[in-house]
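A short write-up of the structure that comes next.
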Amino acid sequence: HFDLRVLLDGPEDLVVSGQSGMLGVAVDPDFADNRFIYIYLASNRAGATDNRIRRFVVNGDATGVTEDRDILTGITWGTNGTHSGGRIRFGPDGNLWVTTGDTRSATVPQDRTVLGGKVLRVTRDGAPAPGNPPATGGARPEIVFTGVRNPQGLAFRPGIGDVFICEHGPNVDDEVTRVVIGGNGGWNPDDGNGRYIGYE
């Protein structure tokens, strides 16, 4: 057991705004050997704010960390931190699954060149996981599922491994959706002119 506040002492670049901040925590399945924990957070480390996944190595007595490494950066961040998603979990396939929010942007959920409004799957080093869909036309290779709004729940069916997300709907209509590799959840709040219509 460890206290994240003591363990991470910040971190100094953490941005807490609106619906963003430190949103997801995952412990590596091989923690006893590698001491890895992963955090999904909003950061201004790069000079501009983004959401990112950082890997830390916990020291032996769980009082601090000996490594602080960004493994995936550039996850879309919206004005005031709106709709950041942020659930991270290791799946039965041994990869890290990530939910990201649409940042209340009309075009983000269906744009495969950006990481917002998606479900991602990466290795423990942040590389695209083997078996992800082909990254054609500038698509990001980390993306396995497109077209989601603000998923903050992620679960795997025991014994089978089916992946499900739970996402917040507009005012009502929250959804539980089965993730199909290469699939699309259908969320497209663009009015055709780049305006977000997700609350109508």
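The values are calculated or read from the model by the stated rules, or taken from the named source; none is laboratory data. What you see is a predicted model; the values in this text were computed from it and never measured. Quick reminder, even Gly has a Cβ in these numbers, built from the backbone with ideal geometry, and neighbours come from all protein chains shown. All accessible areas refer to the heavy atoms of the entire protein, side chains included, with ligands and DNA or RNA removed. Shrake-Rupley method; radii C 1.70, N 1.55, O 1.52, S 1.80 Å.
All conditions but one from (1) modelled with pLDDT under 95; (2) out of contact with any strand residue (DSSP E or B) (no Cβ under 8 Å at 6 or more places or on another chain) apply to residue 152; the one that does not is (2). Scanning the stretch 71-87 for residues that are at negative phi and surrounded by 21 or more Cβ atoms within 10 Å (Cβ to Cβ) turns up 72, 75, 76, 77, 78, 84, 87.
When restricted to residues that are open to solvent by 40 Å² or more (accessible area, probe 1.4 Å), in a loop (DSSP other than H, G, I, E, B) and among the hydrophobic types (A, V, I, L, M, F, W, C), the stretch 12-70 contains 3. Looking at the stretch 169-196, which of the residues that are under 21 Å from residue 115 (Cβ atoms) and among the hydrophobic types (A, V, I, L, M, F, W, C) is nearest to the chain's Cα centre (by Cα)? Out of the qualifying residues, it is 179.
Remark: pairs (first residue in the stretch 91-106, basic (Lys, Arg); second residue open to solvent by less than 10 Å² (accessible area, probe 1.4 Å); Cβ separation under 6 Å; 6+ apart in sequence or on different chains) = 104/78; 104/83.
Among the candidates 181, 165, the residue that is open to solvent by 10 Å² or more (accessible area, probe 1.4 Å) and not in a helix (DSSP H, G or I) is uniquely 181. The strands (runs of 3 or more DSSP E) found wholly in the stretch 90-157 and carrying at least 3 residues that are of a type outside the set (Ser, Thr, Tyr) and open to solvent by 10 Å² or more (accessible area, probe 1.4 Å) occupy 151-156.
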